[in-house]
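Read through the structure below, which is laid out as structure tokens, and then see the notes.
The values are calculated or read from the model by the stated rules, or taken from the named source; none is laboratory data. In this text the structure is predicted, and so the values were computed from the model without any measurement. Ideal geometry is used to build each Cβ from the backbone, glycine not excepted, and the neighbour counts take in all protein chains shown.
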Amino acid sequence: MFGKGKINIAIQKSHYAPADIISGSVSLTLNKPVKAREVSISLIGEHKSTQTAPRVGGTMGGGGMSMSTTTKTVRIYDFKQQLDSEKEYSQGPEYRFEIKIPADILGTGPQMPGPEGKLGQVLKVAQTAAALTGAIPFQQIKWYLLAKLDIPGGLDISKKVDITIG
């Protein structure tokens, strides 16, 4: 086994609807005991946008035009659930988890107060921008679960599992 060990995520399915509950487990396989801040599982949504714009000049001997493409990834949702706290972790613990997906996660429900309400605002902006460019925004949102053993002063042990919400 490479490095300090590995972390694994086990879930029953990979396709969920808003208001569903994602349940599963996170397990650690460590080569030796390791001090860590926490074990956590996060539900993350990222929107990738690509913009193409004309670029003028720049090459020696010519002032022609070329196209410049910029890709930007914006994290639009990040819910973290702590599964265990700071301690020395050893071989084989398994942690059960449940994460309830908000009913308005795709920006179609009522706005929630607080930080969650910003998600709907970001999605509405993404939807408007996509309508102007002809893209379909929600097919560009990448959802995934991220399990992490947070090791201070060292490389974290993490695992990412893609899921679909829709």
For a quick check of your reading of the model, give me the residue pairs whose first member lies in the range 16-42 and is within 13 Å of Ile101 (Cβ to Cβ) and touching a residue at least 24 places away in the same chain (Cβ under 8 Å), whose second is hydroxyl-bearing (Ser, Thr, Tyr) and assigned to a loop (DSSP other than H, G, I, E, B), with beta-carbon atoms closer than 9 Å and at least 6 apart or on different chains. Pro18/Thr108
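Results for (1) over 20 Å from the mean Cα position of the chain (by Cα); (2) at pLDDT below 80, shown as yes or no for each residue.
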{"site": "Ile76", "(1), (2)": "no, no"}
{"site": "Tyr89", "(1), (2)": "yes, no"}
{"site": "Glu94", "(1), (2)": "yes, no"}
{"site": "Phe97", "(1), (2)": "no, no"}
{"site": "Pro102", "(1), (2)": "no, no"}
{"site": "Pro110", "(1), (2)": "yes, yes"}
{"site": "Leu123", "(1), (2)": "no, yes"}
{"site": "Gln127", "(1), (2)": "no, yes"}
{"site": "Gly153", "(1), (2)": "yes, no"}
Condition first: part of a strand (DSSP E or B) and touching a residue at least 60 places away in the same chain (Cβ under 8 Å). Now tell me which residues in the range 1-15 satisfy that. Gly5, Lys6, Ile7, Asn8, Ile9, Ile11, His15
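Which of the residues spanning the range 11-47 are under 16 Å from Leu149 (Cβ atoms) and among the small types (Gly, Ala, Ser)? Even if it seems obvious, please write down each step before you answer.
The initial filter retains those residues of the range 11-47 that are under 16 Å from Leu149 (Cβ atoms), namely 25-42.
Selection gives Ser25, Ser27, Ala36, Ser40, Ser42.
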Checking Gly61 against (1) modelled with pLDDT of 80 or more; (2) at positive phi, which test does it fail? (1)
Selection within the range 16-41 - among the hydrophobic types (A, V, I, L, M, F, W, C) and outside any strand (DSSP E or B): Ala17, Ala19
